[in-house]
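Heads up: the structure comes next, in structure tokens.
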Amino acid sequence: MARIVVGMSGGVDSSVAALRLKREGHEVIGVFMNNWEETDESGVCSAERDWADVQRVCEIIDIPYYSVNFARAYRERVFAYFLDEYRRGRTPNPDVLCNREIKFSAFLDFALTLGAQKVATGHFAGVDRRDGRYALLRSADENKDQTYFLYMLGQRALSYACFPVGGMTKAQIRDCAAQAGLPTSAKKDSTGVCFIGERNFKQFLQQYLPAQPGDMVTAAGRVVGRHDGLMFYTLGQRRGLGIGGGGDGRRWFVVGKDLAGNRLIVEQGDDSPRLYSGWAQAGALSWIAGRAPVEDGRPFECMVRLRHRQTLQGARITIEGDCAHIRFDRPQRAVTPGQAAVFYLGDECLGGGAIDRAEHDGMTGGAQT
RNA sequence: UGGGAUGUAGCCAAGCGGUUAAGGCACGGGACUUUGACUCCCGCAUUCGCAGGUUCGAAUCCUGCCAUCCCAG
């Protein structure tokens, strides 16, 4: 029996999380976060729909509910960083920060003021106590695991965290919701940047950053087209380049950015060597345990993931201060500065860092730290 | 304005008298997905530079015109 505040998004996962806790006999309080006050291109404010769903679900489960607004914190602690990274030509992952700064910081603190002993979310992940510390574990539904987005959490956050649906499969969650008659049982999974939602990314970014068109060139320097602004592209990207025909007729991919020259580097063929990296360096390391798993300079083998849902990749890591040097067992495609490299050992997520550079990353002119 | 070559969708590019005008890239839509991407699926020329002609039938043959490229001047 504990007082538990559940972060409810209006989706099935968090609905079922709340339902399960209630059934276990806890004193459950549902809280909806509205952290982005803006309508999308079609003029729809999906947050209103989601809040309505949260209310309906809570009525059915019979728990009290509240709505809180962390829009300012989100802007200052997540979105500012997001724009900053794009200005540097990098490709940030705002959701990782959102979890640390909003859901497991601002929101957690708010829950504590409500007298909560625990804070729950609908994340696909697990928490366990191991060797006197809290461990972040991969979810039972291997295909939905969201630990990639949670690697920045620390011991304090995990000591309060609880993921009621982390041991379930997506199908089980929907079944559970349907049987309980929850209106969110068949609701489509949400995608896009957390709290901001799915939208035309280019148009969205354009509202905040000035675009500066320039040349699109091959690694050899041949001009093959024009780009609308370097921030609109990311390494490994194919669509939106607008260049077709010519050359050997294969697809074109972004393989680098020349920040100083405002040129986008592109190459043809998905097997271009410039698209693959044998190693990468990650900085701003964050460990779930609060400290690195091994001492500096001593290499260790573990698994790594460079993007959400990627199959775990074998790697050898060497840590030196706040920098991890990662050597992949197999070359990795489109290793992108700004994105997260997250480390795993067995079923445990150890932590991770932000990729600063990688072999063949093609980033020049100020993108590197 | 002498000679040669070429003109097929936004870009490459098959097709060389018989019919639904290959394929790839780009683009559009969808699936997948709590980042950005990748990937996958579907769609995408009633029409072959233009105008005539030959033929039962032409993008495919003939004539003229237009355009572009190359070599000569």
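The values are calculated or read from the model by the stated rules, or taken from the named source; none is laboratory data. This is a predicted model, so every value here is computed, not measured. Cβ coordinates were reconstructed from backbone atoms using ideal geometry, including for glycine residues, and neighbour counts include every protein chain displayed. Protein only, heavy atoms only, side chains kept; ligands, DNA and RNA dropped before computing areas. Shrake-Rupley method; radii C 1.70, N 1.55, O 1.52, S 1.80 Å.
Can you pull out the residues in the stretch A:338-354 that are open to solvent by 10 Å² or more (accessible area, probe 1.4 Å), more than 14 Å from RNA strand B (Cβ to nearest atom) and in contact (Cβ under 8 Å) with a residue 40 or more places away in the chain?
Residues of the stretch A:338-354 open to solvent by 10 Å² or more (accessible area, probe 1.4 Å): A:339, A:345-348, A:350, A:354.
Next cut, more than 14 Å from RNA strand B (Cβ to nearest atom) only: A:345-348, A:350.
Correct list: A:Leu345, A:Asp347, A:Glu348, A:Leu350.
Which condition breaks for A:Gln155 when tested against (1) within 20 Å of the chain's Cα centre (by Cα); (2) closer than 24 Å to A:Ala2 by Cβ; (3) modelled with pLDDT of 95 or more; (4) buried (at least 20 other Cβ atoms within 10 Å of the Cβ)?
(4)
What is the number of the single condition among (1) within 15 Å of RNA strand B (Cβ to nearest atom); (2) open to solvent by 10 Å² or more (accessible area, probe 1.4 Å); (3) not in a strand (DSSP E or B) that A:Val335 does not meet?
Among (1) within 15 Å of RNA strand B (Cβ to nearest atom); (2) open to solvent by 10 Å² or more (accessible area, probe 1.4 Å); (3) not in a strand (DSSP E or B), the lone unmet condition for A:Val335 is (2).
Spot the failing condition for A:Gly167; the list is (1) of a type in the set (Gly, Ala, Ser); (2) within 14 Å of RNA strand B (Cβ to nearest atom); (3) open to solvent by 10 Å² or more (accessible area, probe 1.4 Å), and only one is missed.
Here A:Gly167 meets the rest and fails (2).
Mind listing just one residue for me: the one in the stretch A:192-237 that is β-branched (Val, Ile, Thr) and open to solvent by less than 70 Å² (accessible area, probe 1.4 Å) and, of those, nearest to A:His123 (Cα to Cα)? Quick ask: steps written out before the conclusion?
If we filter the stretch A:192-237 for residues that are β-branched (Val, Ile, Thr), which is where we start, we get A:193, A:196, A:217-218, A:223-224, A:234.
Still in the list and also open to solvent by less than 70 Å² (accessible area, probe 1.4 Å): A:193, A:196, A:217-218, A:224, A:234.
On the way: A:Val193: 15, A:Ile196: 18, A:Val217: 42, A:Thr218: 41, A:Val224: 44, A:Thr234: 27 Å.
Among residues in the stretch A:192-237 that are β-branched (Val, Ile, Thr) and open to solvent by less than 70 Å² (accessible area, probe 1.4 Å), the one nearest to A:His123 (Cα to Cα) is A:Val193.
Mind listing whichever residues of the stretch A:258-310 are within 16 Å of RNA strand B (Cβ to nearest atom) and among the charged types (D, E, K, R)?
The answer is A:Glu267, A:Asp270, A:Asp271, A:Arg274, A:Arg305, A:Arg307, A:Arg309.
Which of (1) in contact with a Gly (Cβ under 9 Å, 6 or more places away or on another chain); (2) open to solvent by 60 Å² or more (accessible area, probe 1.4 Å); (3) within 14 Å of RNA strand B (Cβ to nearest atom) does A:Asn143 not meet, given it meets every other one?
Only one criterion in (1) in contact with a Gly (Cβ under 9 Å, 6 or more places away or on another chain); (2) open to solvent by 60 Å² or more (accessible area, probe 1.4 Å); (3) within 14 Å of RNA strand B (Cβ to nearest atom) is unmet by A:Asn143, namely (1).
For A:Gly181, state whether it is touching a residue at least 60 places away in the same chain (Cβ under 8 Å) and more than 28 Å from A:Phe70 (Cα to Cα).
Working: touching a residue at least 60 places away in the same chain (Cβ under 8 Å): yes; more than 28 Å from A:Phe70 (Cα to Cα): yes.
Against the criterion (touching a residue at least 60 places away in the same chain (Cβ under 8 Å) and more than 28 Å from A:Phe70 (Cα to Cα)), A:Gly181 qualifies.
Could you figure out which of (1) out of contact with any Ser or Thr (no Cβ under 6 Å at 6 or more places or on another chain); (2) free of Cβ contacts under 8 Å to residues at least 60 places away in the same chain; (3) crowded, with 21+ Cβ neighbours inside 10 Å isn't true of A:Glu24?
Condition (3) is where A:Glu24 drops out.
All but one of (1) touching a residue at least 12 places away in the same chain (Cβ under 8 Å); (2) surrounded by fewer than 23 Cβ atoms within 10 Å (Cβ to Cβ) hold for A:Thr113; state the number of the condition that does not hold.
For A:Thr113, the failing item is (1).
Can you say whether A:Arg90 is among the basic types (Lys, Arg) and closer than 21 Å to A:Ala292 by Cα, as far as the supplied structure shows? Spell out how you get there, then give the answer.
Details: among the basic types (Lys, Arg): yes; closer than 21 Å to A:Ala292 by Cα: no.
Considered against the rule, which asks whether it is among the basic types (Lys, Arg) and closer than 21 Å to A:Ala292 by Cα, A:Arg90 comes out as no.
Kindly evaluate A:Ala120 against the criterion of being more than 14 Å from RNA strand B (Cβ to nearest atom) and in contact (Cβ under 8 Å) with a residue 60 or more places away in the chain. Can you show your working first?
Numbers: more than 14 Å from RNA strand B (Cβ to nearest atom): no; in contact (Cβ under 8 Å) with a residue 60 or more places away in the chain: yes.
When the stated conditions are applied, A:Ala120 does not pass them.
For the stretch A:186-203, how many residues are within 6 Å of RNA strand B (Cβ to nearest atom), outside any helix (DSSP H, G or I) and either small (Gly, Ala, Ser) or modelled with pLDDT of 85 or more (or both)?
Within the stretch A:186-203, the subset within 6 Å of RNA strand B (Cβ to nearest atom) is A:189-194, A:201.
Narrowing the set further to residues that are outside any helix (DSSP H, G or I) leaves A:189-194.
After this cut, where a residue has to be either small (Gly, Ala, Ser) or modelled with pLDDT of 85 or more (or both) as well, the list is A:190, A:192.
Here the count works out to 2.
Looking only at helices (runs of 4 or more DSSP H) that fall completely inside the stretch A:7-77, which ones have 2 or more residues that are touching a Leu at 6+ places or on another chain (Cβ under 8 Å)? If you could, list the steps in order and put the result at the bottom.
On the way: elements: A:12-23, A:46-61, A:71-74.
Here the list reads A:12-23, A:46-61.
Do any helices (runs of 4 or more DSSP H) lying entirely in the stretch A:86-185 carry at least 3 residues that are within 20 Å of A:Val54 (Cβ to Cβ) and out of contact with any helix residue (DSSP H, G or I) (no Cβ under 6 Å at 6 or more places or on another chain), and which ones are they?
Details: elements: A:94-98, A:107-113, A:155-160, A:170-179.
It comes to A:107-113, A:170-179.
Out of (1) more than 30 Å from A:Gln313 (Cβ to Cβ); (2) modelled with pLDDT of 90 or more, the odd one out for A:Trp252 is which?
It is condition (1) that A:Trp252 fails.
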